[in-house]
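Beneath this line is the structure, given in structure tokens, with notes to follow.
The values are calculated or read from the model by the stated rules, or taken from the named source; none is laboratory data. Predicted, not measured: the structure shown is a model, and the values here were computed from it. Reconstructed Cβ throughout: ideal geometry from the backbone, glycine too, with neighbour counts over all protein chains shown.
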Amino acid sequence: MSAVTERPSALLSDALAGLTAPRKTLPCKWLYDAEGTRLFEAITRLPEYYPTRTEIRILDQHGPEIARAVGPGAVVVEFGPGDGVKAVQLLEALEAPRAYLPVDIAAEWLDQVAERVEAASPTLPVRPVVADFTRPFDLPAHGGGSAARLGFFSGSTIGNFEPAEAVAFLARARTTLGPGGRLLLGADLVKGEAVLEAAYDDSAGVTAAFNLNLLTRLNREAGADFDIGGFLHKARWNPARERVEMHLVARHAQSVRLGGQTIRFAAGESIHTESSHKYRAEGLRALAAAAGWRDAAMWTDPDRLFSVWLLQG
Ligand code: AVI
């Protein structure tokens, strides 16, 4: 008996559950293997993908105001630091930050982030925390005494959670950050459909490659036999739920073997691979309030594409 049939990997069991459901889905967290991470970083530099550069601009233009609102001596806890570029930007804007704690499940990314931040701020203590921040976890003692913690959750990653999961994350973050904790949160805003769909279906095909890479990953890591050319990337704005959905659509009827099962696809049937929720200011305030945050200040760009929030407990 092979290891796979004895104890299915988390990827295989998630894929089997999602692909045998009446509406086929795959959890978006599996988009990020090494190739998916590389492709996502390429997405953040695309002309159509406005969120990253707009958030960076907001942090740049409103940095002094944000720093005043945060006050001196914060211990910065970043949930999912990515490449660490925004951490460097934030730490430079803040007054005398006391320590930086990047939190991620992937230890190898944390090393890169730590190197980048240490190079930019050689005297700042950096303490990487390997943890899945979508579940409860403890922060190590940070050497900051009783300094209040500032959480940082950028890039509108909150938008990849379902609304109930977003509230649960925000509530857990309050607990993790402790008394006096604040959260600096990036959230993408509702806007015209054409801008949104172009951001998730760029002309160079990078987002399509990012989405299709999930099938390549299933073939390689879960022993599936997807014909990658048999599927098409689709991004569509769902106005009722105010989210962009990414789908992989079967170009023709086909079947795929996975974990000893046959998964059948009708022509045009889709696998829903990601939702990216967009917010209105009142909606984000309601989410924060439902998670127990009492106060929320917002900064945005002149075109109101993106928002950065400071939540206070
Ligand atoms: C990581 N996350 C916030 C991105 C987003 O915009 O939802 C992932 C992404 N998917 C397609 N393009 C970017």
Go through the stretch 202-238 and count every residue that is more than 18 Å from ILE43 (Cα to Cα), charged (D, E, K, R), without any contact (Cβ under 8 Å) to a residue 60 or more places away in the chain and outside any loop (DSSP other than H, G, I, E, B). 1
Can you list the helices (runs of 4 or more DSSP H) lying wholly within the stretch 1-110 that have 1 or more residues being outside the structural domain of ALA266 (by TED's automatic domain parsing), within 14 Å of the ligand (Cβ to nearest atom) and of a type in the set (Lys, Arg)? 34-43, 50-61, 85-93
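Listed here are the residues, each with its yes/no results for (1) over 30 Å from VAL308 (Cα atoms); (2) in contact with a strand residue (DSSP E or B) (Cβ under 6 Å, 6 or more places away or on another chain).
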position	(1), (2)
GLU193	no, yes
ASP202	no, no
ASP225	yes, yes
ALA235	no, yes
HIS252	yes, no
LEU258	yes, no
ARG264	yes, yes
Of the residues in the stretch 169-201, those that are within 12 Å of the ligand (Cβ to nearest atom) and either at positive phi or part of a helix (DSSP H, G or I) (or both) number 4
Flag for VAL308 being more than 18 Å from ILE43 (Cα to Cα), within 16 Å of the ligand (Cβ to nearest atom) and of a type in the set (A, V, I, L, M): yes
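Quick grid of which residues meet (1) more than 17 Å from the chain's Cα centre (by Cα); (2) of a type in the set (Lys, Arg):
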{"residue": "LEU26", "(1), (2)": "no, no"}
{"residue": "LEU31", "(1), (2)": "no, no"}
{"residue": "GLU48", "(1), (2)": "yes, no"}
{"residue": "ARG53", "(1), (2)": "no, yes"}
{"residue": "ARG57", "(1), (2)": "yes, yes"}
{"residue": "VAL75", "(1), (2)": "yes, no"}
{"residue": "PHE79", "(1), (2)": "no, no"}
{"residue": "ASP83", "(1), (2)": "no, no"}
{"residue": "ASP104", "(1), (2)": "no, no"}
Given the conditions (1) buried (at least 16 other Cβ atoms within 10 Å of the Cβ); (2) closer than 25 Å to HIS272 by Cβ, which single one is not true for SER13? (1)
Taking the conditions exactly as written (over 20 Å from THR134 (Cα atoms) and in contact with a strand residue (DSSP E or B) (Cβ under 7 Å, 6 or more places away or on another chain)), does ALA96 satisfy them or not? no
